[in-house]
Structure formats: structure tokens, C-alpha cells
Amino acid sequence: MELYLDCNATTPVLPAARDAALAAMADTFGNPSSVHASGLKARELLDGVRAAARRVLGASAGRLMFTSGATEGIQTAVLSALCALRERPGRRLALYGATEHKAVPEALRHWDAVLGLGLEIAPIPVDASGRHDLAWLRERLPAAGLVCTMAANNETGAISDLDGIAALMDAHPAALWLVDGVQALGKLNLKLDTRRIDYAPFSGHKLYAPKGIGLLYVREGAPFTPLMCGGGQEGGQRSGTENMAGIAALGAVLAALEAGEVFASGAAMQQHRERLAGAVGQAFPGVVFNAPLDPALSLPTTLNFSVPGVDSRRLQDLFDAAGLRISGGSACGAAKALPSYVLIATGVPEAQAAAAVRLSFGALDGDATIAAACERLRACGEALRELQALAAELELDAAGARQLAPAPRLIDVRDADEVAEAPTPVAETIPLAELEQQLPRLLALPAELPLLFLCRSGRRSLQAAALLRRSGRQRCFSLAGGLASLAP
């Protein structure tokens, strides 16, 4: 059974939210801009969800519009703020947290270029806990036109000192303030009615609603420029026919939050994290947690850790094989094999940041799920120790490989596209995913013939050699360091 522990990337959809979306498509499919009965029925649903969102977010005043998600909300907020800065020539700075989601600095650079403002765009340093350097911010606020900070970080769970930032912003009312509320939804009180937060985007799929639905809060009186114009929907704030299925689903999630009977409490989630952290420590002696576990400093749903000497990808492969879905950090950066910029910003050494993985569970995960996850984490630790012991037997450096007698048969277990891009003279190519199909033929080869498996880094080749050893063939080896170690 799969255990999904990557809720900071996305969550499954709440069953009640699925039902609400299907009901909207089947029964409340009218266009909420139409004035006939079907349209009025859809309008009633839309208005009801917006009212629920205001209650949950504590936003009794100001604009609150439905969007496609946080990226659109961030774009709209940044565009609105930067358009206003054209009338404020003394405000030449746009600041964002160094650990901010890439959507924010990218939006700042994009709209600054489009509008031709020539702003100085700079990251706000953070400390080891991921909190912003308020002294640094205080010095620069007199020239700042826009300040962008997260409520909580998606990779580490670090909670920003919003009260401390708010005190500085109150002393400089000419500067606008954007707070990314994506990870805060359902977990933190942003106090939108009392804090001077000008813009706050949210995304439904981080809290059991489907992808493609979000919210943007704009404080009353804050500058606003629509990102999308057209038919004038959402009171002219965001044109385009509303996503009624997504809105209905989000409404079901908000109703569950208000009822307080579906999602686990903060205290229960903190207990879950303590159990998971304990299991990680038992599974991987020497593990390093990359963010504080203090509930005042980080969300109770997130663990970010590194196992010394074990790279992130190998850990993810280990977890994946055990049915644990755990990521290497932000899903948006998963395809880039680079150390986390978030961890680097907090002072984590580069090698440790490159080895980091993130475990994030949700408020729907109960005791049984957490217990099963703890058991599998401990089993992964045992499997890693067995693999490390096996690696000592199976891995050969280039010099050791050359000493094999008779001469080994080389087998490249990279994917076909990798081989095509960087071919190497080998006896044959068998992608790792196809190796089990080839087992009978490989096991039939002469027992004295060594098999030396190759790949880019040595990770997949070790898995291949281990598979053959488990199948009864002893003279199987992996080239340590991969193909790079063959270079003269």
C-alpha cells in the first residue's frame, strides 16, 4: 500500500470535495453570470464559498477573488503593486525572502522588465531557522516599495515572524506587503483583518481541494490591477468564467475546516511529527534535521532531513521501493539536480543540502497512517544498512575492474536516451527497468564470467549487481562512481 508523505507538494482530494465538484458539474453547472434560475443557483454556490473563505481566513473586508492557484495570485499581486510603484518614484526596492518560492522573484523580475521600472530586486537574508533578518529589512524599508514574505516555507516548514515583520511594515506604510499564504491555509492564522497584509495568495490543492482553484486576498485600499480582463467576472477583478467545480470542491474543504471534525488538530499533528522524527532517528543514526522541530518555529506537518553519506536520490529510491512517497524538496524544482536554494540560504552546507529529503504529511493522516509510516521508515534504515554492506562487496573502482579475470562483460544499465546521448563501448545495453526480463539469459552465462554493470553515477549499476547476486550469480559487480570514473 502506498503511503503518501508529500503533502507540501500536493494533497489528495477530500472525498467530500470530490462529491461537491461532481455535484456542481451535474447539477450546478450554470454560468454564475447568467440571470436565469440555473445561473442564480451557481451564483448562490459561488457567493456561499466566498463567504466561507472570508470566515476561515479572517478577512471580513477587502477583495477576495477566486483564481487558478497561487501562481496566478502572486502574478496579480506583484503586477498590482508594481503598477502602483510607477507613481511612487522614491520606492526603488522590491524585496523578497531568500527562501521564497521561485514564483515570487520570477514574477518580480518579469513584471519589472515588462513595466520598465528598473527596480532593485533583492533577497531578504534569513537565519538558520529560516526566519527573515529583521534588522536588514528595517534598514532598507524606507526605500522599499514592495516586500514579499512567506507565511511558512514549503521545503522546511519554517514559520515566518509575521508579527515582527508587521511591526516594521506598520512603521513604513508606503511599502506594500505580499504574504504567500499557500502553506498557511488551514494551519496558521494570518490575521488578515488586523495585520496590514496587502496581498495574500492561496492554493486549494495544498489542502485537499483539486488543482486549478485558488484565492487571492487584497486588503481594502491596496492598489489593484487585474491580471486578466474580459467579461468582467469576479466584479471585474478576474475575468473568465469561474471554475465552478473547483470552487464547489474548495467550499467543501472550507466547510470541513469550519466544522472542525475532519482534520487533525495542530496538537495532534505535532505528536505525529514527533513520532515520525523519532522513527527517522532510529532508522538513520546520525541523521541531521535541516529545520527546527520547535512547533513555534515550523509547521508540525513537515520534516526536512539529510542522512550523512547518502545522497537524496538514493534515499528517495529507497523510500519509493518501500511505498513511501517522500520528495527531495519543492516539486517545482524536483527535475533540477541541484542543492536546495532554500537550505543554502539558511546556512546548510552544500553537500548536506544536496542530500536533503522532505517528508510532509497532512491533516487527514491519522494514527494508523503515521504508525505504518514509522514502521516503513525503520525498515528503510535496515535496508540501507544491508545495501551499504552489499556495496562494499559489489563496488569496484576502475583499477579493480581492470584486474577482473577473465575480462568482464560490461553491461550499461542507463536508459536508452542516456546511452544515445553519451554512448560507451559496452557488450550490451540493458536499461535497469528491463533487467528482470533479462535475468534468465544472464544467469545462463558461464559462472566464471564476471559481469560489470555501469551507469552514470553508480547508483543504478549497484542495484543491478545486487539483483543478480540475490538471484544466485556471484561474480557481479558495480563500477563505483559510474562512467565518470573511467575517464583517464
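The values are calculated or read from the model by the stated rules, or taken from the named source; none is laboratory data. Because the structure is a prediction, the values reported are computed rather than measured. Glycine also receives a Cβ, built like all others from the backbone with ideal geometry; neighbour counts cover every protein chain displayed.
How about the stretch 94-121: which of its residues are of a type outside the set (Gly, Ala, Ser) and within 15 Å of Ala84 (Cα to Cα)?
Hits for the stretch 94-121 are Leu108, Trp111, Asp112, Val114, Leu115, Leu117, Leu119.
Taking the stated definitions as given, is Gly235 touching a strand residue (DSSP E or B) at 6+ places or on another chain (Cβ under 8 Å), outside the structural domain of Arg376 (by TED's automatic domain parsing), of a type outside the set (A, V, I, L, M) and outside any loop (DSSP other than H, G, I, E, B)?
Spelling it out, Gly235 is indeed touching a strand residue (DSSP E or B) at 6+ places or on another chain (Cβ under 8 Å), outside the structural domain of Arg376 (by TED's automatic domain parsing), of a type outside the set (A, V, I, L, M) and outside any loop (DSSP other than H, G, I, E, B).
For the stretch 24-62, give me each residue that is assigned to a helix (DSSP H, G or I) and touching a residue at least 40 places away in the same chain (Cβ under 8 Å).
Hits for the stretch 24-62 are Ala24, Met25, Ala42, Leu45, Leu46, Gly48, Val49, Ala52, Ala53, Arg55, Val56, Leu57.
Take Leu188 and tell me if it is under 21 Å from the mean Cα position of the chain (by Cα) and at negative phi.
Considered against the rule, which asks whether it is under 21 Å from the mean Cα position of the chain (by Cα) and at negative phi, Leu188 comes out as yes.
Please specify each residue of the stretch 454-474 satisfying the condition of being under 22 Å from Arg313 (Cβ atoms) and loosely packed, with under 12 Cβ neighbours inside 10 Å.
Answer for the stretch 454-474, where residues must be under 22 Å from Arg313 (Cβ atoms) and loosely packed, with under 12 Cβ neighbours inside 10 Å: just Arg470.
Out of curiosity, is Leu451 within 21 Å of Ala399 (Cα to Cα), buried (at least 18 other Cβ atoms within 10 Å of the Cβ) and over 32 Å from the mean Cα position of the chain (by Cα)?
Yes; evaluated as a whole, the condition is true for this residue.
Applying the selection to the stretch 241-270, what residues are in a loop (DSSP other than H, G, I, E, B) and either on the phi > 0 side of the Ramachandran plot or in contact (Cβ under 8 Å) with a residue 12 or more places away in the chain (or both)?
Listed by number, the residues that qualify are Thr241, Glu242, Asn243, Gly260, Val262, Phe263, Ala264.
Of the numbered conditions (1) of a type in the set (A, V, I, L, M); (2) within 18 Å of Asn8 (Cβ to Cβ); (3) in contact (Cβ under 8 Å) with a residue 24 or more places away in the chain, Ala296 fails exactly one; give the number of that condition.
(2)
Of the residues Thr10, Thr76, which single one is within 22 Å of the chain's Cα centre (by Cα), in contact (Cβ under 8 Å) with a residue 40 or more places away in the chain and over 30 Å from Val357 (Cα atoms)?
Only one candidate qualifies: Thr76.
Please go through the stretch 429-488 and pick out each residue that is assigned to a strand (DSSP E or B) and of a type in the set (Val, Ile, Thr).
Scanning the stretch 429-488 gives a single hit, Thr429.
Given the residues Leu93, Leu64, which is the only one that is closer than 29 Å to Glu261 by Cα, of a type outside the set (S, T, N, Q) and crowded, with 16+ Cβ neighbours inside 10 Å?
None of the others qualify; the one that does is Leu64.
Looking only at the stretch 365-386, decide whether some residue is surrounded by fewer than 13 Cβ atoms within 10 Å (Cβ to Cβ) and over 29 Å from the mean Cα position of the chain (by Cα).
Checking the stretch 365-386: at least one residue is surrounded by fewer than 13 Cβ atoms within 10 Å (Cβ to Cβ) and over 29 Å from the mean Cα position of the chain (by Cα).
Considering only the stretch 276-286, how many residues are over 21 Å from the mean Cα position of the chain (by Cα) and surrounded by 15 or more Cβ atoms within 10 Å (Cβ to Cβ)?
Number satisfying all stated conditions: 4.
Looking at (1) crowded, with 19+ Cβ neighbours inside 10 Å; (2) touching a strand residue (DSSP E or B) at 6+ places or on another chain (Cβ under 8 Å); (3) farther than 26 Å from Ala200 by Cα, find the lone condition where Glu2 falls short.
(1)
Checking Ser265 against (1) buried (at least 16 other Cβ atoms within 10 Å of the Cβ); (2) out of contact with any helix residue (DSSP H, G or I) (no Cβ under 7 Å at 6 or more places or on another chain); (3) hydroxyl-bearing (Ser, Thr, Tyr), which single condition isn't satisfied?
Among (1) buried (at least 16 other Cβ atoms within 10 Å of the Cβ); (2) out of contact with any helix residue (DSSP H, G or I) (no Cβ under 7 Å at 6 or more places or on another chain); (3) hydroxyl-bearing (Ser, Thr, Tyr), the lone unmet condition for Ser265 is (1).
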